[in-house]
Amino acid sequence: MTRRLFLLSHGMTPALRAAAFPADEALEAGALMAARALPSVLPRAHLLLCAPERRTRETAEAAGLAALREERLADWDCGRWRGLGFDALAAAEPAAVSRWRNDPEAAPHGGESLLTLLARLRGWIDDLQRERDSERVLAVTHPAVVRAMVVAALDLPPEAFWRLDVRPLTLTELRGGRGAWNLLTFAAPLGRAGVTGEA
C-alpha cells in the first residue's frame, strides 16, 4: 500500500516572527484568520492528527479539522531555551549554541538532541506503516518537526535538517510504502496552484 502523509505546519506565532525558541504560545490573530481559509485547499485524509501544543491545536481547530492528539508530533524539546530569542542566546551562550548547531548528539539546553528528535519521528513513521487506517494521513505539527520528518523519512544525514526551511501554514507531502518514502511536495504554499482538495 502506498501511503500519503501530509504535514501541515502551524500558523505564525510571536516566537516564529521573533526567531525565538517557542513556549506553548497561541497563534497570531492573522494566522487564525488564514487557517480558517484552509478547508477548501486541504487534501482528504483518513486519519487527522495534531501535535499537543496550543499553536498546533488552534491551527487544526481553525481549519475545521477534528484531529486526534499525537504526542510524538510534539515540537522539538529545547529545554531551558524555551521562550528565549536566538540572537540573545547566541550572544550569551555562544559555545552551547555552536555545539547544538554542529553536533547532532548535543542537547546543551537539557531537552532533546537532534538525533533524539529524529529517532522519535522515525519510530512514529515506522508505526504509521503498520496502521491499517492510515493510507492518507494529515498531521498538524511544527516547522522543526516537518524538517526532521523529511530527514528521517528520506534517510538523509542529520546535518540536512539545517538546510531545510518550512514556513507557517505550508503543506509537505511524503509518499511511501514498505519503509521507503519519497518527497512529493515540500512546503507548497496553501491556496496556490498545485495544492487542491484532491491532490
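The values are calculated or read from the model by the stated rules, or taken from the named source; none is laboratory data. The structure presented is a predicted model; accordingly, all values stated were derived computationally and were not measured. Using ideal geometry, Cβ is built from the backbone for each residue, glycine included, and neighbour counts are taken over all protein chains shown. Accessible surface is based on the protein model in full, side chains and every heavy atom, while ligands, DNA and RNA are left aside. Shrake-Rupley method; radii C 1.70, N 1.55, O 1.52, S 1.80 Å.
The set of residues in the stretch 3-19 being hydrophobic (A, V, I, L, M, F, W, C), in contact with a helix residue (DSSP H, G or I) (Cβ under 8 Å, 6 or more places away or on another chain) and open to solvent by less than 30 Å² (accessible area, probe 1.4 Å) consists of LEU5, LEU7, LEU8.
Okay, residues lined up against (1) assigned to a helix (DSSP H, G or I); (2) open to solvent by 70 Å² or more (accessible area, probe 1.4 Å):
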{"residue": "THR59", "(1), (2)": "yes, no"}
{"residue": "TRP76", "(1), (2)": "no, no"}
{"residue": "ASP87", "(1), (2)": "yes, yes"}
{"residue": "TRP100", "(1), (2)": "yes, no"}
{"residue": "ALA106", "(1), (2)": "no, no"}
{"residue": "HIS109", "(1), (2)": "no, no"}
{"residue": "LEU115", "(1), (2)": "yes, no"}
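Would you check if GLY191 is closer than 19 Å to LEU47 by Cβ, of a type outside the set (Asp, Glu) and either modelled with pLDDT under 95 or open to solvent by less than 10 Å² (accessible area, probe 1.4 Å) (or both)? So GLY191 fails the test. Taking the criterion of being among the basic types (Lys, Arg) and touching a residue at least 60 places away in the same chain (Cβ under 8 Å), the residues of the stretch 81-127 that qualify are ARG82, ARG101.
Restricting attention to the stretch 26-44 and to residues that are modelled with pLDDT under 95 and not in a helix (DSSP H, G or I), the residue that is most open to solvent (accessible area, probe 1.4 Å) turns out to be ARG44.
The lone criterion from (1) open to solvent by less than 30 Å² (accessible area, probe 1.4 Å); (2) at pLDDT below 95 left unmet by ASP127 is number (1).
Among the listed residues LEU169, LEU156, LEU164, identify the single one that is among the hydrophobic types (A, V, I, L, M, F, W, C), under 18 Å from ARG120 (Cα atoms), out of contact with any strand residue (DSSP E or B) (no Cβ under 6 Å at 6 or more places or on another chain) and open to solvent by 20 Å² or more (accessible area, probe 1.4 Å). Among LEU169, LEU156, LEU164, only LEU156 is among the hydrophobic types (A, V, I, L, M, F, W, C), under 18 Å from ARG120 (Cα atoms), out of contact with any strand residue (DSSP E or B) (no Cβ under 6 Å at 6 or more places or on another chain) and open to solvent by 20 Å² or more (accessible area, probe 1.4 Å).
Listed conditions (1) over 17 Å from VAL166 (Cβ atoms); (2) open to solvent by less than 40 Å² (accessible area, probe 1.4 Å) are all met by LEU68, apart from (2). So is VAL146 crowded, with 18+ Cβ neighbours inside 10 Å, part of a helix (DSSP H, G or I) and either touching a residue at least 60 places away in the same chain (Cβ under 8 Å) or of a type in the set (D, E, K, R) (or both) or not? Taking the combined requirement at face value, the residue satisfies it.
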